[in-house]
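Down below is the structure, laid out as structure tokens.
The values are calculated or read from the model by the stated rules, or taken from the named source; none is laboratory data. In this text the structure is predicted, and so the values were computed from the model without any measurement. Don't worry about glycine lacking a Cβ; one is built from the backbone with ideal geometry, like all the others, and counts go over all protein chains shown.
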Amino acid sequence: MLEIKNLHARIAEDGTEIIRGLNLSVKAGEVAAIMGPNGSGKSTLSYILAGREDYEVTEGDILYNGESILGLDPAERAAKGIFLAFQYPMEIPGVATMEFLKVAINAQRRGRGEDELKIPELLKRVKEAAGLLSMDMAMLKRPLNVGFSGGEKKRAEILQMKLLEPKLCVLDETDSGLDIDALKIVSEGVNALRSPDRAIVVITHYQRLLDYIVPDSVHVLYKGRVIKSGDKTLAQRLEENGYAEIIGEAA
């Protein structure tokens with residue numbers, strides 16, 4: 001589903017290269033964990049997948065279902081089924097969460113040539129999805145992420161993901177700022193989305209998230225490229241020994 005080939009990318013403003021020859025393959029039905037120390041390029045990779053304009057790809061390609069997405073803007077990528085859950089979700093004062101969900105869902109449906117959802121059907125879907133994430137419907141009347149706790153922000157993002165039904169889900173450190181109860185609820189929401197036709201990329205520093213979202217593959221990112229890949233036991237090894245051992249092996 002996702003094939004990244006010899007990707008090189010830099011910050012558009014100052015030309016600093018962050019991604020340096022990254023190769024990665026994620027199949028449909030797979031949950032792939034991306035791990036690595038601070039500054040290794042994990043969040044940059046997620047932004048590039050989503051099409052953020054702050055970064056410029058200078059070499060290589062990103063294929064999604066066999067098609068290069070480098071020429072697509074973020075809205076076009078979203079319409080094709082690519083979703084990014086941010087480490088620090090943006091606050092949007094003045095826009096109720098429910099209104100945001102309605103606009104996002106119907107914009108995506110229009111992009112796919114589908115009819116917009118009527119309000120009764122939209123409410124039914126939102127109530128069902130919110131219930132699975134232990135979210136109070138009153139929360140959806142509040143401006144998006146404004147005054148939300150860390151756990152509420154992450155639940156709101158998983159709610160968006162569930163309702164938009166993307167085919168490629170990229171979770172950028174979704175465990176950041178979560179207590180153990182919120183972590184369990186968010187993880188259950190992510191696990192409920194696992195399916196043979198959907199790929200999930202989980203970016204994280206820590207093994208603890210992978211105790212709840214068990215990956216099929218683990219990839220260690222360092223200085224903008226993948227230096228080691230393995231199964232879930234690789235994450236356990238990192239938890240026990242840190243990154244220094246694997247970085248040393250790759251040197």
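Tabulated values for the structure
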| quantity | calculated |
| --- | --- |
| Checking Leu168 against (1) touching a Phe, Trp or Tyr at 6+ places or on another chain (Cβ under 7 Å); (2) of a type outside the set (S, T, N, Q); (3) modelled with pLDDT under 90, the condition it does not meet | (3) |
| Within segment 1-26, tally of residues that are touching a residue at least 12 places away in the same chain (Cβ under 8 Å), among the acidic types (Asp, Glu) and more than 27 Å from Gly248 (Cβ to Cβ) | 2 |
| Selection within segment 220-251 - under 19 Å from Ile203 (Cβ atoms) and in a loop (DSSP other than H, G, I, E, B) | Lys223, Gly224, Asp231, Gly242, Tyr243 |
| Hits in segment 51-60 (condition: out of contact with any Phe, Trp or Tyr (no Cβ under 9 Å at 6 or more places or on another chain) and in a strand (DSSP E or B)) | Glu56, Val57, Thr58, Glu59, Gly60 |
| Total residues in segment 161-184, condition buried (at least 16 other Cβ atoms within 10 Å of the Cβ), free of Cβ contacts under 8 Å to residues at least 40 places away in the same chain and part of a helix (DSSP H, G or I) | 3 |
| Residues within segment 224-240 that are buried (at least 16 other Cβ atoms within 10 Å of the Cβ) and farther than 24 Å from Ile19 by Cβ, tallied | 2 |
| Residue tally, condition charged (D, E, K, R) and surrounded by 17 or more Cβ atoms within 10 Å (Cβ to Cβ), over segment 4-16 | 1 |
| Test: residue in segment 135-142 that is at pLDDT below 85, out of contact with any Ser or Thr (no Cβ under 6 Å at 6 or more places or on another chain), outside any helix (DSSP H, G or I) and surrounded by 19 or more Cβ atoms within 10 Å (Cβ to Cβ) | yes |
| Ile158 being in contact (Cβ under 8 Å) with a residue 60 or more places away in the chain, among the aliphatic types (A, V, I, L, M), assigned to a helix (DSSP H, G or I) and closer than 24 Å to Arg198 by Cα | yes |
| Count of residues meeting criterion [part of a helix (DSSP H, G or I) and of a type outside the set (Val, Ile, Thr)] in segment 1-50 | 7 |
| Ser187 surrounded by fewer than 21 Cβ atoms within 10 Å (Cβ to Cβ) and small (Gly, Ala, Ser) | no |
| Segment 87-100, residues that are among the hydroxyl-bearing types (Ser, Thr, Tyr) and surrounded by fewer than 18 Cβ atoms within 10 Å (Cβ to Cβ) | Tyr88 |
| Lone qualifier among Lys141, Lys154 - being closer than 23 Å to Ala32 by Cα, out of contact with any Phe, Trp or Tyr (no Cβ under 6 Å at 6 or more places or on another chain) and not hydrophobic (A, V, I, L, M, F, W, C) | Lys154 |
| Top-ranked residue of segment 27-86 - restricted to ones that are more than 21 Å from Asp216 (Cβ to Cβ), of a type in the set (Val, Ile, Thr) and in contact (Cβ under 8 Å) with a residue 24 or more places away in the chain, ranked as surrounded by the fewest Cβ atoms within 10 Å (Cβ to Cβ) | Thr58 |
| Boolean, Gly131 is in a strand (DSSP E or B) and either within 23 Å of the chain's Cα centre (by Cα) or at pLDDT 90 or above (or both) | no |
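Conditions (1) among the basic types (Lys, Arg); (2) modelled with pLDDT under 85, marked per residue:
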| residue | (1), (2) |
| --- | --- |
| Arg155 | yes, yes |
| Ser176 | no, yes |
| Asp181 | no, yes |
| Ser187 | no, no |
| Asn191 | no, no |
| Arg198 | yes, no |
